[in-house]
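The values are calculated or read from the model by the stated rules, or taken from the named source; none is laboratory data. Computed from a prediction, not measured in an experiment: that's the story for all the values here. We place every Cβ from the backbone using ideal geometry, glycine too, and count neighbours over all the protein chains shown.
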Amino acid sequence: MKIVDHLPIVRGAPTSASPARVTAILNDVRDRGDSALRDWSEQLDRGVAPAWTVPQDVLERAWLDLPQADQAAIDHAARNIRTFADAQKRSLQPMEIEIEPGVFAGQRIVPVDRVACYVPGGRYPLPSTLLMTVIPALAAGVQHVVVLTPPKPNAWPDQHILAAAFRAGVTAVHPIGGAQGIAAAAFGTESIAAVDLIVGPGNAWVTEAKRQVYGIVGIDSLAGPSEVMVLCDATSDAATVAADLLAQAEHDPDAEAIAVTDDAAFAQQLVAEVARQLAMLPTRDVAEVSIARHGRIVLVADRAAMAAVANERAPEHLEIVTEDPEALAGLCTSFGGLFIGHDAAEVLGDYCTGPSHVLPTGRAGRYTGGLSALTFLKVLSTQHAQPGAAKGLARTAAHLARVEGLEAHARAAEHRT
């Protein structure tokens, strides 16, 4: 792990997917439906599941066959996610105000009708992602929630993913991954209904497919490799910081693990601690590549500089484990998720504190937040006027319309004067 005094500017998430090949997959599924899904699944997923939708009894059996400890962990996480999502929904309320006497403007809060949640099933199947995407959608009031997740070769998807789907209350799980799964959700096939919004992280092929179908459907974000930044100082515990960095590094060879500190001695201590823990890590083959490629310790002058680095980078996960972390947190404005204090471990947010772990990467935290119950809600504006109340507004509208050269607009307004 290298010690540096600055980080290069990055521009969005890297991708290794071929846009042209993704386009070919999307077009083929759009044109040939289930037949194309079968062809691409056999080629890319090494076989297809027994059906395009997992039967309810298979979901239930996946749950019942889980060890009791696994059920308890999923239950605990699901309760916290639902509690937080319900609170998020309540924070956004319908409203109406009287703009002028007799003229009212307001907003209605309406859930999206159809949503597909993509759940990765590759190197690390992620039942936590199913909970983190499905439960906020259901809390928002979405009526039709489906899950897309890759099958095992010629078999149903991962048991824990199916069990989490049963626990969350999903009835439609489609065992399809990759760009072909995104295509099925965007365009619909004989067996899979098209949706209005696709959410959830995936590999570079899934991300490129979401990029290309945006506009046909909505998407939450374009997910890149996982990121963590830890702000630390001489009071921080090097072993804990190293563990948090490696927790991100084991995700993917392209994952980014960065520490920022104002203490040179701590930086040296952290280098040694990362090396010590890495040598004993079962996922060393992945984490070691990530640390070598993207692991950095940024040495800065003071706490203000720490915040400046964080705000410039806008990391997916930002941990603050310094002395007086709340004060430093007040200087940080760009991140996906913020974790304040030694015990607010990012890994807890991955699983069970409540907020969704689907967060912006590639500096997108400069302009957007993570997935939440609000992602699935539409804020729809409304306007109405009592008889005769719009005359003053109509004259203003007609004047502005003629400024813009839109005479029909002006005349339509004048019908209300």
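For region 92-118, how many residues meet the condition of being closer than 18 Å to THR171 by Cα and touching a strand residue (DSSP E or B) at 6+ places or on another chain (Cβ under 6 Å)?
Summing the residues that are closer than 18 Å to THR171 by Cα and touching a strand residue (DSSP E or B) at 6+ places or on another chain (Cβ under 6 Å) in region 92-118 gives 6.
Would you pick out the residues in region 354-371 that are among the polar types (S, T, N, Q) and surrounded by 22 or more Cβ atoms within 10 Å (Cβ to Cβ)?
Correct list: SER356, THR361.
Return a yes/no flag: does region 267-283 have any residue that is under 28 Å from the mean Cα position of the chain (by Cα), β-branched (Val, Ile, Thr) and in a loop (DSSP other than H, G, I, E, B).
yes
Restrict the check to region 307-325 and report whether at least one residue is over 25 Å from the mean Cα position of the chain (by Cα), among the hydrophobic types (A, V, I, L, M, F, W, C) and either crowded, with 16+ Cβ neighbours inside 10 Å or assigned by TED's automatic domain parsing to the domain that holds SER356 (or both).
no
So, VAL289, is that one at negative phi, modelled with pLDDT of 95 or more, within 25 Å of the chain's Cα centre (by Cα) and surrounded by 20 or more Cβ atoms within 10 Å (Cβ to Cβ) or not?
No; evaluated as a whole, the condition is false for this residue.
Select from region 205-216 the residues that are surrounded by fewer than 21 Cβ atoms within 10 Å (Cβ to Cβ) and out of contact with any Phe, Trp or Tyr (no Cβ under 9 Å at 6 or more places or on another chain) and write down the one among them that is farthest from ILE176 (Cα to Cα).
GLY215
How about region 202-247: which of its residues are under 30 Å from ALA264 (Cα atoms), part of a loop (DSSP other than H, G, I, E, B) and in contact with a strand residue (DSSP E or B) (Cβ under 9 Å, 6 or more places away or on another chain)?
Across region 202-247, the qualifying residues are PRO225, SER226, ASP233, ALA234, SER236.
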